[in-house]
Amino acid sequence: MKKMSKVVSLFITAAVLFAVTGCGTTSSVKGSGIKGSKPTMAASRAKIIDYQGAAFGAEIPEWVIKVAEGEYSETALSTIMPALKGRKIFVTMADGDNLEFVKQWTDLVDVETQVGDTMQRIVGKVVSASEDAKAKETGKEADPTEVNRKLKLYKEAVAAVEINGLEKTASYWVEKQTGTKKEGNFKDVYEYYAVWSMDKKVYDTQLNAALDNVKDNTSEAETLKKTLKNKLNDLVLSSNDLAAEGTAD
């Protein structure tokens with residue numbers, strides 16, 4: 001996969017998981033009011049020169065604008081996709097210089113695997129932070145054997161959570177022009193966004209059951225499990241860096 005990504009300068013920039021309520025069809029999605037008749041779409045040098053539906057005079061969907069601006073909260077998305085009530089949402093974003101490859105790469109990426117890998121990283125971060133806090137409170141250095149025991153316990157539990165029934169709800173692409181010919185850094189970049197969803201109750205039930213079944217009898221177990229539940233419900237995924245680990249801080 002690394003070799004392929006070098007050929008087309010493709011990278012997956014982020015994948016975000018949120019519990020939102022919204023509509024599963026693009027027909028009910030609001031427009032953003034942005035059309036191709038406006039040549040400069042932002043204050044930066046990046047310009048939108050084409051986008052999905054531009055030939056028909058369509059607007060860029062409002063959900064795309066929200067996602068691109070980093071607004072992933074339930075409040076931000078639920079007003080745009082109101083019928084996704086009870087669904088867990090994954091938002092994936094990718095960019096590259098070949099639209100078809102960007103779309104295929106993103107749609108064929110094993111989202112379930114990415115979710116699982118990121119959950120494992122968050123468990124590692126939270127458990128390690130918990131042990132460090134305990135060490136500071138007691139004035140004793142954390143026992144590596146105990147840390148590894150807890151890491152194994154919680155990672156094995158989280159691995160049992162299955163991301164079944166995932167469906168692609170909506171997708172959209174935008175072509176941007178960045179840089180300038182004068183400065184010699186001119187290029188076209190395609191950005192691709194996809195919204196995936198699954199039954200939220202299924203995810204939450206599996207996550208809660210997995211953590212509740214962890215046989216951890218230490219004094220900090222209850223707090224640790226509560227923290228993990230919160231972090232794993234609001235986790236942020238990334239397939240090309242370790243940004244997701246920050247959600248455990």
Stretched out fully, how many nm does the piece from Glu175 to Glu146 gain, at 0.36 nm a residue minus the Cα gap? 5.4 nm
Counting only protein heavy atoms and rolling a 1.4 Å probe, one gets per residue an accessible area for the stretch 61-174 in Å² of 50 Å²
For the stretch 182-223, the convex hull over Cα atoms projects on average to an area in nm² of 7.2 nm²
If I model a spin label at Lys229 and Lys182 as a point 7 Å from the Cα along the Cα→Cβ vector, what separation in nanometres do I get? 5.9 nm
With a point put 7 Å past each Cα toward its Cβ, work out how far Ala58 is from Glu71 in nm, to one decimal. 2.1 nm
Around Ala135: net Lys/Arg minus Asp/Glu count, Cβ-Cβ under 11 Å: -3
Length gain on complete extension for the stretch Asp212 to Ala83, per 0.36 nm per residue less the alpha carbon to alpha carbon distance? 43.4 nm
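The values are calculated or read from the model by the stated rules, or taken from the named source; none is laboratory data. Please read all numbers here as calculations on a predicted model, not as lab measurements. Cβ sites come from the backbone with ideal geometry, for glycine too, and all protein chains shown count toward neighbours. When the accessible area is computed, the model is the full protein with side chains, heavy atoms only, and any ligands, DNA or RNA have been set aside. Shrake-Rupley method; radii C 1.70, N 1.55, O 1.52, S 1.80 Å.
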